[in-house]
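Shown next, in structure tokens, is the structure this report addresses.
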Amino acid sequence: MEKEADLGLFKDIFTNFNSQYSQQLLKQLLLQLHTTQDFQLDQLLTLYNDIKKEHNIPLSIFSHHLHPAEALCKYLKEKKELSYQEIAVLLHRHPKSVWSTYQRAHHKMRKQFSLKEEKYHLPLSLFTNRSYSLLEGVVLYMNQIHKLSNKQLATLLGKSANSIAVLAKRAREKNG
């Protein structure tokens, strides 16, 4: 999860790269990686390229009445136009389970997601860590990277603040 959180932070920095503060922060981060972990330029470029081609998942897809896995499969299938096999590989799942999850989602919600300009996006790699539930990963990421409170996140996801607090507590316990 640490590498995935690092990727998320790195991605967040590049998303807001136009500000002078972000550029300074990025310089400090690169210097830290180079001096303490002996990162070389080729490793940094590989990391950057991984970030560029990673799919972004809008937070708002989890605010619908679908189960989180259903929402994720539906979004990847319909909006990103990925095959069941591609989704399965990206999420480290079996293609048949991806197919059945999508079928359930499509049955529950026939129309496609209507996405407007999104403020918050999640890296797809966040959902490959199977030690967290999908929503635990979302809550942990949004708390750590975007510094959203449980109440703010509950409002965005259309859930109760208590539910978000429980998810955050479980994620923190699993994270150590």
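Where a number appears in this text, it was derived from the coordinates with a stated rule and is not lab data. The model shown is predicted, which means the values in this text are computed figures rather than measured ones. Because the Cβ atoms are built from the backbone with ideal geometry, glycine has one as well, and the counts that use them run over all protein chains shown.
Work out the FRET efficiency for Glu81 and Gln144 from their Cβ-Cβ distance, taking R0 = 25 Å, and round it to the nearest 0.05.
Computed FRET efficiency for Glu81 and Gln144 comes out at 0.25.
Taking only Cα atoms of segment 46-176, what ratio of Rg to Rh do you get with Rh as the Kirkwood inverse-distance radius? Don't skip to the end; give the middle numbers.
Values: Rg = 14.5 Å, Rh = 15.3 Å.
Here the Rg-to-Rh quotient is 0.95.
When only alpha-carbon atoms count, how far does segment 63-136 stretch along each of its three principal axes, as whole angstroms with the largest first?
That gives 29, 26, 20 Å along the principal axes, largest extent first.
For Arg130 and Asn56 in one chain, what is 0.36 nm times their gap in residues minus the Cα-Cα distance, to one decimal in nm?
The Arg130-Asn56 span can extend by a further 24.8 nm.
In 10 Å bins starting at 0, how do the alpha-carbon pair distances of segment 114-165 split up by percent?
Cα pair-distance distribution for segment 114-165, in percent: 23, 54, 22, 0.
Let me know the charge dipole size of segment 29-176 about its Cα centre in debye, to the nearest 20, where only the beta-carbon of Lys, Arg (+1) and Asp, Glu (-1) is charged.
760
May I ask you to derive the FRET efficiency for Leu25 and Lys108 from their Cβ-Cβ distance with R0 = 45 Å, giving the value to the nearest 0.05?
0.60
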